[in-house]
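For reference, the structure is listed below as structure tokens.
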Amino acid sequence: MSAAPLQPPAGEDPERHGYAALVSLGCLLVFGGVGFAAGGASQPPRTRSIHVVAHQYGYEPQVIHVNRGDTVRLTFSSSDVTHGFYLEGYDLDVTIHPLLPTVDLRHPSQPGKVEQVKEVTFTASREGKFRFRCSHTCGFLHPFMLGELIVGPNRLLPASMGMLLGLVLGGLLGLAIQGRRSKA
């Protein structure tokens with residue numbers, strides 16, 4: 001079974017529908033491009049200090065948002081047992097002990113080297129989503145102890161908002177063109 005091609009209603013001018021569709025598409029592209037360009041302007045890098053609380057079986061906050069170039073300073077605490085914090089893509093593995101002000105920091109690329117630190121500092125150098133997970137078995141739901149570091153700026157939101165605006169304005173303009181031509 002094949003679908004019939006879209007046709008304008010009987011008695012309607014097919015050229016009018018094509019012109020309205022082109023106007024709508026043009027508005028969509030123009031406003032989408034403007035939205036994308038506006039999303040490209042990012043904030044200057046700054047220092048973000050975030051305290052992460054590990055507990056069975058999660059993290060608070062579960063999602064960390066920063067911008068590319070930001071210096072991220074993480075401090076940790078555990079409210080119950082020993083937990084880990086392995087951040088994919090950034091060569092960081094932290095062991096968090098309950099009731100201790102320091103954590104054990106190791107870099108998986110440098111085996112055998114462990115430092116005791118009060119905070120972990122790194123630069124968010126790449127945009128994207130990076131998962132962090134518990135790297136120290138902490139109970140039967142340990143594999144589900146996950147979180148995300150999201151490094152922005154998010155250029156998709158301004159672009160999609162621009163496209164939505166373009167679609168709405170293009171649709172209204174297309175309807176106005178159709179209405180004006182049907183009166184003529």
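Residue count for region 48-64 under the criterion of being within 19 Å of the chain's Cα centre (by Cα) and more than 15 Å from Phe132 (Cα to Cα): the result is 1. Taken over region 92-115, the criterion of being under 22 Å from His55 (Cα atoms) and exposed (fewer than 12 other Cβ atoms within 10 Å of the Cβ) is satisfied by Leu99, Pro101. Taking the criterion of being in contact with a strand residue (DSSP E or B) (Cβ under 6 Å, 6 or more places away or on another chain), surrounded by 14 or more Cβ atoms within 10 Å (Cβ to Cβ), farther than 11 Å from Thr123 by Cβ and not hydrophobic (A, V, I, L, M, F, W, C), the residues of region 44-66 that qualify are Tyr59, His65.
Bear in mind these aren't lab numbers, they're just calculated from the coordinates by the rules spelled out. Keep in mind the model is a prediction, meaning the values are calculated, not measured. Backbone-built Cβ (ideal geometry, glycine too); neighbour counts: all protein chains shown.
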